[in-house]
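**Student:** This is the structure I have questions about; it appears just below.
The values are calculated or read from the model by the stated rules, or taken from the named source; none is laboratory data. Nothing here was measured: the structure is a model prediction, and the numbers come from that model. Ideal geometry is used to build each Cβ from the backbone, glycine not excepted, and the neighbour counts take in all protein chains shown. Remember, those area values only see protein heavy atoms, side chains included, never the ligands or the DNA or RNA. Shrake-Rupley method; radii C 1.70, N 1.55, O 1.52, S 1.80 Å.
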Amino acid sequence: MSNVLLTGGAGYIGSHTAVALAAAGHRVVVYDNFSNSEPAAVQRLAQVVGAPVVTIEGDVRDTALLQRTLLEQKIDAVIHFAGLKAVGESVLKPIDYYANNVQGAISLLQAMQGAGCKTLVFSSSATVYGDPHYLPIDEAHPTRATSPYGRCKLHIEEILADVSVADPSWRLAALRYFNPVGAHPSGLIGENPNGIPNNLMPFVAQVAVGKLPQLNVFGNDYDTPDGTGVRDYIHVMDLAEGHLAALKFLMQHPGLHTFNLGTGRGYSVLEMIKAFEAASGKPVPYTVAPRRAGDIASCYASVEFSAQTLNWRATRSLKDMCESSWKFQQNI
Ligand code: NAD
Ligand code: UFG
């Protein structure tokens, strides 16, 4: 068993990863400033886990508090989820994004160095690949971010590479997530964005439940089988288990390692709507709207490197993704 600190652990992916870690016998400590989550989420998380979850309210840019937490909680490894994540907002507020995300990562690394804790898993994103040159996208695909959000991810990956060169005893993993969706089967935790959702699946769920009147499908003239955008949607519990696999791998392998976490299969917007209608038994009315600026036609992962190296593969179906997301949506 190890003690694992989850920065941003009250958020969507962090809370699901906390469940997977606890189920594997690890002790999790959540560190979050609740800028995009609420303390109640940790209470629901504790209900799922069946035990209280130690939670520290703090900002990752508070290096002193982080370092104290690492030492007091005897942390063996950190998973760094904390950050701002809205692509469109990052274009409007680049300073906030660099300050929160890049400065936050530097502060965390300083605190870890100070506390002598050198094992870190970082939440990166498929957005670092930009417009794909080929599909499926493997880890060797060139990187080119197209938004301040994406550039934050790339800058942080570069910082991790420099840290690893300077001190090869660090154990670092950058996990490039594709499109996480779905929720824990309990329906107690899930994705609950503030305001109108930016992402497809929470939007679809809110239309199905009657909170929003209809979905705008951003473009049906892409070079894809039905003209709508294709993405690699991965069940958040599969993604959560990918973190566990990465931590296990790092125990045996120092250095910086980069992995795609996806399923290897793409679904179109129209396929997602159909699957959600089937899972919920509710109609999801939509209209076709113009393309969204910055969107690409298709994006899906090559998962061979992750499968071979981490001995991990996503197993949950699109049906599981939609059913669990619907269950959570009805609970909130
Ligand atoms: P989320 O917003 O649900 O969770 C992030 C958590 O971090 C929130 O609880 C928020 O309160 C906290 N936080 C933000 N800034 C903080 C700070 N300065 N100090 C302390 N806590 C802070 O987001 P999520 O979907 O769970 O994403 C987690 C990570 O995964 C992010 O780094 C995100 O960029 C990355 N990611 C997400 C997706 C996705 O589609 N959800 C895709 C690729 C990568
Ligand atoms: N879409 C719609 N209508 C909506 C929302 C989305 O048609 O209301 C479409 C998009 O055009 C796209 C697909 O649904 O074709 C998926 O869009 P999302 O916004 O759900 O996801 P993205 O692939 O654009 O981006 C997400 C995260 C990024 C992350 C990336 C990783 O928002 O932070 O996945 O692949 F980097």
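**Student:** Give me the residue from the range 54-108 that is part of a loop (DSSP other than H, G, I, E, B) and open to solvent by 60 Å² or more (accessible area, probe 1.4 Å) and, out of that set, nearest to ligand 2 (Cβ to nearest atom).
**Tutor:** 85
Yes or no, residue by residue, for (1) within 14 Å of ligand 2 (Cβ to nearest atom); (2) among the polar types (S, T, N, Q); (3) under 24 Å from the mean Cα position of the chain (by Cα):
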site	(1), (2), (3)
210	no, no, no
223	yes, no, no
226	yes, no, no
244	no, no, yes
255	no, no, yes
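**Student:** Something else about it: Give me the residue from the range 258-293 that is open to solvent by less than 70 Å² (accessible area, probe 1.4 Å), part of a loop (DSSP other than H, G, I, E, B) and not hydrophobic (A, V, I, L, M, F, W, C) and, out of that set, farthest from ligand 1 (Cβ to nearest atom).
**Tutor:** Within the range 258-293, the match that is farthest from ligand 1 (Cβ to nearest atom) is 281.
**Student:** Let me ask something else about it. Test each condition in (1) within 8 Å of ligand 2 (Cβ to nearest atom); (2) touching a residue at least 60 places away in the same chain (Cβ under 8 Å); (3) not charged (D, E, K, R) for residue 169 and report the one that comes out false.
**Tutor:** Checking residue 169 against (1) within 8 Å of ligand 2 (Cβ to nearest atom); (2) touching a residue at least 60 places away in the same chain (Cβ under 8 Å); (3) not charged (D, E, K, R), the one that fails is (1).
**Student:** Also, I was wondering about something else. So, in the range 317-330, exactly how many residues are crowded, with 19+ Cβ neighbours inside 10 Å and either in a loop (DSSP other than H, G, I, E, B) or within 16 Å of ligand 2 (Cβ to nearest atom) (or both)?
**Tutor:** Qualifying residue count for the region: 5.
**Student:** Restricting to the range 2-18, give me the number of residues that are farther than 17 Å from residue 177 by Cα and surrounded by fewer than 24 Cβ atoms within 10 Å (Cβ to Cβ).
**Tutor:** 2
**Student:** Does the range 134-153 contain any residue that is open to solvent by 30 Å² or more (accessible area, probe 1.4 Å), within 16 Å of ligand 1 (Cβ to nearest atom) and among the hydroxyl-bearing types (Ser, Thr, Tyr)?
**Tutor:** yes
**Student:** Now, a different point. Select from the range 154-208 the residues that are among the aromatic types (Phe, Trp, Tyr) and within 9 Å of ligand 1 (Cβ to nearest atom) and list them in ascending order.
**Tutor:** Matches in the range 154-208: 177, 178.
**Student:** Given the options 241, 191, name the one that is assigned to a helix (DSSP H, G or I) and among the acidic types (Asp, Glu).
**Tutor:** Sole residue among the options that is assigned to a helix (DSSP H, G or I) and among the acidic types (Asp, Glu): 241.
**Student:** Out of the range 216-235, which residues are open to solvent by 10 Å² or more (accessible area, probe 1.4 Å) and assigned to a strand (DSSP E or B)?
**Tutor:** If the condition is that a residue be open to solvent by 10 Å² or more (accessible area, probe 1.4 Å) and assigned to a strand (DSSP E or B), then 216, 218, 230, 231, 233 are the ones that fit.
**Student:** Please indicate, with yes or no, whether at least one residue in the range 3-19 is farther than 20 Å from residue 191 by Cα and part of a loop (DSSP other than H, G, I, E, B).
**Tutor:** no
**Student:** Next question, about the same structure. Kindly indicate which of 197, 185, 213 is under 27 Å from residue 144 (Cβ atoms) and either in a loop (DSSP other than H, G, I, E, B) or open to solvent by 10 Å² or more (accessible area, probe 1.4 Å) (or both).
**Tutor:** When all the criteria are applied, what remains is 197.
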